[in-house]
Each structure stands twice: as structure tokens, then as C-alpha cells.
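First the structure, in the form of C-alpha cells, and then the observations on it.
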Amino acid sequence: AAFLLAACGGGGQIGDSGSGDSATNKKLVLIPGITAEPFYISMQCGFEEAAKAAGYEFDTQAPAKFDAAQQTPIVTGILASKPAAVLIAPTDDKAMAGPMKQLKDAGIKVVEVDTKLQDTSIGVSSVSSNNEQGGKLAAETLNKLAAGKSGSVLVLNTKAGTSTTDARAKGFEDAIKAFPNLKYIGQQYTDNEPATAASKVTATLAANPDLIGVFATNLNTGEGAATGLRNAGKTGTVNLVGFDASPNQVKDLQGGTVQALIAQDPATIGKQGVEQALAAIDGKENKRNIETDLVAITKDDASANSKYFYKE
Ligand code: T6T
């Protein structure tokens, strides 16, 4: 039997256990990019709620790291249990195509949630934020915060091959060109490790004392960048725009280490992912691309936007 995640406010009660046999297969599996992380926990809440409402069994299995080598055995491991559909956030837009094709070839419907593959022939649908737009929003927000001042700006990315953060960096790079006072000094990869993000920020500050802005393209990178600015005594001097809205990120927004957060709506991604999975299972038409909300939140409008804060 599956358990509803306590973090979702479901109280951890036992979910419908349904039937495991393949003739009446009513099971959905969610494979997030990484375990125990507020973005994917919030997505799991939406997923579980929608799966339960539809009378489906559900299960979530996530890798310990955001890493294709760790996500691949999870994918191949669930092949044998033959769920009706898998919702997955591929950790690499190329490397996960092989394992995900195995699911498709086994008759399991595949829905991409959050991240996606370059190959559009495997998933029936892809549900995510408009990440390029999110990057653009981050550039515009940094420009507003700079208020005409000049200086260097840095992008902290996660890992090349992550469709979402690659798109955020691209959206940012394209948009920052419109603001000549902001000198874009390029992107650096953090491997999704907060400690790496922190040390990249301190090293960049040493090399570029005129640094006035950092765009951190996801949760771990943003939390690490905040640590880096604190260590360097630069909080509030360097504007930090992060992506996502974990409890730590919101605390840093309210405390003034972070000036703005671009929050996503992961619960809706999970819910819409289930809807697309059910459509595919029932032989109905899928919507190939679904876009969910993004919102830029500052300290001043944080409480008005609290519905976007992630669960943990
Ligand atoms: O930003 C989210 C997600 O959208 C991205 O694909 C990977 O990182 C997060 O899960 C945050 O850690």
C-alpha cells in the first residue's frame, strides 16, 4: 500500500492499495530528479492527491543525487512491476532517453514532469514551467534591483544536460543583453551541490569585486549562493535572485540575503502529470506540452504569494 506523504497535509493515511495485477493495472509511479527535496516533495503531493482521487495506486522512487547513473537503475527496476504509467523528471536530457524508451517499449505510458528529454518521441506529454521565461524574469528582476547601477552579474547553473536549468540560463543570457549596465560574466556549474555554489560565489567575488548580481538557477544552487554571500559578508550588497521557493530560500528572502525568488508550481506539475498519464492510459488525446505558473517573489510581496512556497 502507498502512503500519502505527511508533508502534503494528508496526515499520512494509507492510500488506496488497488490491484497489482497487470490485467487491471492501476498503478502510477513518480520518479523525481532527486529525493527529499522541497520542489519534488511538493510535486509528489500533487501527484499523490490526483492519483488517489482517480483510484490509482501510487509510488514514488527517487535517486539520492540528481544523476542519470543513479536514476537509470530506478527506471529499469520498475520495468518488471509494469505500472500503467510513469511520471519522470529525467536528470539528463540525453542519457535518460534509453532507459525511458524501455518503459515505452514495455507499454508503460511515460509523462515528463519538470525536466524533459531532447527526444520528443518517448513521452506522451511534458509538464513544466516555462523555464526560458523564468530566466528572462530573473534578468529583468536583477535589472530592477540594480536600479541603474553598473556591475558584473553571474549565473550559477547546476549540470549541463538538465533541460530546465539550461533553459533558465539561456533565457537569462538572452534577456540580460538589454541591460548594458549589467556586465554578464558567464555561467558556472555547481553540480547541484550547495557547497560548490558557495565556493563559486566567493571565488567570483574575489576575481570580480564589482559583482552586483547573481542568478542561481535552482534550489540547491540558490541556497549555496546565499551561504557564499554570507561568508563573504556581501549579503544585500550583491543582489541574489534565486529559482524555487524552499523553506530555507523563503527564510533567506525574508532575512534579506535573497532579493527575489522565481517560484514554480510543482504541485500542479504533479497533478497535471497524472491527468496526462490517465488520458494516455484511457486512449484519449494528450497535450504534448503543458506550461505551469512561474512568479517572481520579493520580500515585500512574500506573504501575498505564500501559496507558492514549497513543502518539505
Ligand atoms: O528547480 C527544480 C527543478 O525545476 C529543476 O529541474 C531541478 O532542480 C529543482 O528540483 C530544484 O532543486
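A short reminder: the numbers here are calculations on the coordinates, not readings from a lab. This is a predicted model, so every value here is computed, not measured. Please note: Cβ atoms are built from the backbone with ideal geometry, for glycine as well, and neighbour counts cover all protein chains shown.
I'm trying to understand the selection: among the residues of the range 225-238, which are within 16 Å of the ligand (Cβ to nearest atom) and either free of Cβ contacts under 8 Å to residues at least 60 places away in the same chain or in a loop (DSSP other than H, G, I, E, B) (or both)? Result: Ala226, Thr227. Number of residues in the range 70-88 that are in a helix (DSSP H, G or I), surrounded by 15 or more Cβ atoms within 10 Å (Cβ to Cβ) and of a type in the set (Val, Ile, Thr): the value is 4.
The number of residues in the range 239-276 being within 14 Å of the ligand (Cβ to nearest atom) and of a type in the set (D, E, K, R) comes to 2. Of all residues in the range 31-77, those being free of Cβ contacts under 8 Å to residues at least 24 places away in the same chain, of a type in the set (S, T, N, Q) and away from the ligand (no atom under 16 Å from the Cβ) number 0.
Considering the range 177-213 alone, what residues qualify as being in contact (Cβ under 8 Å) with a residue 60 or more places away in the chain and either hydroxyl-bearing (Ser, Thr, Tyr) or out of contact with any strand residue (DSSP E or B) (no Cβ under 6 Å at 6 or more places or on another chain) (or both)?
Asn192
Of the residues that sit in the range 170-222 and are of a type in the set (Lys, Arg) and not in a strand (DSSP E or B), which one is farthest from the ligand (Cβ to nearest atom)? If we take residues in the range 170-222 being of a type in the set (Lys, Arg) and not in a strand (DSSP E or B), then Lys177 is farthest from the ligand (Cβ to nearest atom).
In the range 116-138, of all residues being assigned to a helix (DSSP H, G or I), closer than 22 Å to Ser42 by Cα and out of contact with any strand residue (DSSP E or B) (no Cβ under 6 Å at 6 or more places or on another chain), the one that is nearest to the ligand (Cβ to nearest atom) corresponds to Asn131.
None of Gly222, Gly242, Gly186 is in contact with a Pro (Cβ under 9 Å, 6 or more places away or on another chain) and closer than 19 Å to Ser152 by Cα except Gly222.
Residues in the range 139-153 that are buried (at least 24 other Cβ atoms within 10 Å of the Cβ) and either part of a strand (DSSP E or B) or within 12 Å of the ligand (Cβ to nearest atom) (or both): how many?
Looking only at that region, the number is 1.
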